[in-house]
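The values are calculated or read from the model by the stated rules, or taken from the named source; none is laboratory data. Just so it is clear, the structure is predicted and the values come from calculations on it, not from any experiment. Heads up, the Cβs are rebuilt from the backbone with ideal geometry, glycines too, and the neighbour counts pull from every protein chain shown.
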Ligand SMILES: Nc1ncnc2c1ncn2[C@@H]1O[C@H](COP(=O)(O)OP(=O)(O)O)[C@@H](O)[C@H]1O
Ligand SMILES: [Mg+2]
């Protein structure tokens, strides 16, 4: 067995560690430290700890304090790399004192807090979402009941009315009631808590079934193209929920095509990157729905996932929020690219 050394331990640590002399000369740095600092193009030929942190007065001050006073310091949320990949870090500084009481070196330990912060944020967002879901589904239920009363009454009214202009008014009531009813149905669908029934599913199969279904709608003016990767592995997913996602995206694509156009469905493995979690690299599958429709102006792109955002007369603006919600529940991601006059591309990423 390979002997277990301190080096081995330090190089397996997830936190960056560096040890330096009182004059600043770096004695030891572990692999995470080197990776951090080289990646951020920060660590070029510095071998003094003071040079390394020359742009960070709060770190320099702490370093001097540790050397002079031999105390320990804990700096929270230090932004070491502005605009870099790493978020704020906690930095712990402490002296190494020999058994004879002499100051030997200064140690620095860096903890990347970005993962933690993101996690806390996510928790808060989930809580808010549960609350809003309960509120909106309750409200939708409460409105649906009286609404069916109004609908029935207006129908009876219409049957009794003789004069044309009164019949027209009753028609308006019915039409508007139907619109609100559709909105509530979508809202219920959106906010209803769903328990995902995850199984191994074949995405190509789901997409194929959807195309077959779609070919019966607006068949002459829309051409469907399938470009599937036949070697796609199955994903753990709720088949019905994912079908709903793709169906919503296809429906939007279809509605964006005014006269004639193409809808391309694509499936592929993502090879250029993976979702990097702390210790495993997960592979991703991408499903793309591309159309040659009207496109989305850049100004509107940030709004399309907001509930109730719609540019359609009969729209509810709940299709994309629902897609996003379902995809997030699968630990995936949904992205969009669009150009006015050319078309739109939605990409759904799902972990394998
Ligand atoms: N493929 C697309 N092409 C053009 N615009 C789109 C496309 N998909 C979505 N949009 C825009 O995003 C808005 C919101 O979509 P969605 O949430 O599905 O609601 P709805 O379809 O009810 O309007 C649409 O009204 C439209 O303006
Ligand atoms: Mg829609």
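Whenever a residue of the range 316-340 is in the same structural domain as residue 180 (by TED's automatic domain parsing) and farther than 18 Å from residue 195 by Cβ, it has no partner that is within 8 Å of ligand 1 (Cβ to nearest atom) and assigned to a helix (DSSP H, G or I) lying with C-beta atoms less than 6 angstrom away and at least six residues away or across chains. Here residue 107 fulfils each of the conditions (1) part of a helix (DSSP H, G or I); (2) assigned by TED's automatic domain parsing to the domain that holds residue 80 apart from (1).
For residue 131, the conditions (1) surrounded by 11 or more Cβ atoms within 10 Å (Cβ to Cβ); (2) outside the structural domain of residue 12 (by TED's automatic domain parsing) all hold with the exception of (1).
Yes or no, residue by residue, for (1) under 14 Å from residue 265 (Cα atoms); (2) touching a residue at least 12 places away in the same chain (Cβ under 8 Å); (3) more than 16 Å from ligand 1 (Cβ to nearest atom):
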site: 225; (1), (2), (3): yes, yes, no
site: 228; (1), (2), (3): yes, yes, yes
site: 239; (1), (2), (3): no, yes, yes
site: 243; (1), (2), (3): yes, yes, no
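Number of residues in the range 295-319 that are touching a helix residue (DSSP H, G or I) at 6+ places or on another chain (Cβ under 7 Å) and either away from ligand 2 (no atom under 14 Å from the Cβ) or closer than 20 Å to residue 207 by Cβ (or both) equals 1.
Residue 218 meets the conditions (1) within 16 Å of ligand 2 (Cβ to nearest atom); (2) on the phi < 0 side of the Ramachandran plot in every case but one. The failed one is (2).
Table: residues versus (1) in contact with a strand residue (DSSP E or B) (Cβ under 8 Å, 6 or more places away or on another chain); (2) within 18 Å of residue 92 (Cβ to Cβ); (3) at pLDDT 90 or above; (4) assigned to a helix (DSSP H, G or I).
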site	(1), (2), (3), (4)
19	yes, yes, yes, no
36	yes, yes, no, yes
44	no, no, no, no
54	no, no, no, no
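Taking the stated definitions as given, is residue 79 buried (at least 16 other Cβ atoms within 10 Å of the Cβ), modelled with pLDDT of 80 or more and either closer than 26 Å to residue 329 by Cα or touching a strand residue (DSSP E or B) at 6+ places or on another chain (Cβ under 9 Å) (or both)? No. Kindly indicate whether residue 257 is within 16 Å of ligand 2 (Cβ to nearest atom), out of contact with any helix residue (DSSP H, G or I) (no Cβ under 8 Å at 6 or more places or on another chain) and under 23 Å from residue 305 (Cα atoms). So residue 257 fits the description; yes. Is it the case that the range 168-178 has a residue that's at pLDDT below 90 and surrounded by 13 or more Cβ atoms within 10 Å (Cβ to Cβ)? Scanning the range 168-178, I find no residue that is at pLDDT below 90 and surrounded by 13 or more Cβ atoms within 10 Å (Cβ to Cβ), so the answer is no.
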